[in-house]
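The values are calculated or read from the model by the stated rules, or taken from the named source; none is laboratory data. Bear in mind the structure is a predicted one, so any value in this text is a computation, not a measurement. Cβ placement follows ideal geometry from the backbone for every residue including glycine, while neighbour counts extend to all protein chains displayed.
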Amino acid sequence: MGPSLLSSAYGLLDKFKLTDFSRHDLDAGLLVGYEQGGIIAYGGLRYIFSSIDFQWKTENIPTESGVEKLGFDDPMHQVGGVVGVMLGYGFIFVNLEMSILHVFYAPTVLASPLDLDGWSITPTLGLSLRF
């Protein structure tokens, strides 16, 4: 059996050198909840704005444009909802949460837009202390 496509791409990844990366996020939610005894249930809307900046340099790869340094700086928006429950006793709680967000992201790479829209489904399990 031959190598997979992914393992064949590893050699290509060695040709790129990441020279700069930054990401800044703003996460905002509008939540409603209900508490009874040691159970807290909540849900609501969620919006995340991300400013992402990648810069990388190619090594030993000829490009049609002659550009050796590549990168993009484009915003990403995520819109959706979140539901969760906290189960606890006293001040210790176990959190179970699910976020489902639609991702709107179309960076411009080599002067062409690249559509990376899709869905982000994020289950979360955590432990929290409530004072």
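Does S50 satisfy the criteria of being of a type outside the set (A, V, I, L, M), in contact with a His (Cβ under 9 Å, 6 or more places away or on another chain) and either modelled with pLDDT of 90 or more or not in a strand (DSSP E or B) (or both)? It is true that S50 is of a type outside the set (A, V, I, L, M), in contact with a His (Cβ under 9 Å, 6 or more places away or on another chain) and either modelled with pLDDT of 90 or more or not in a strand (DSSP E or B) (or both). Pairing each residue of the range 95-114 that is crowded, with 16+ Cβ neighbours inside 10 Å with any residue that is not in a strand (DSSP E or B), provided the two are 6+ apart or on different chains, yields C-beta distances under 9 Å for V103/L116; V103/D117; Y105/L114; Y105/D115; Y105/L116; Y105/D117; P107/L114; P107/L116.
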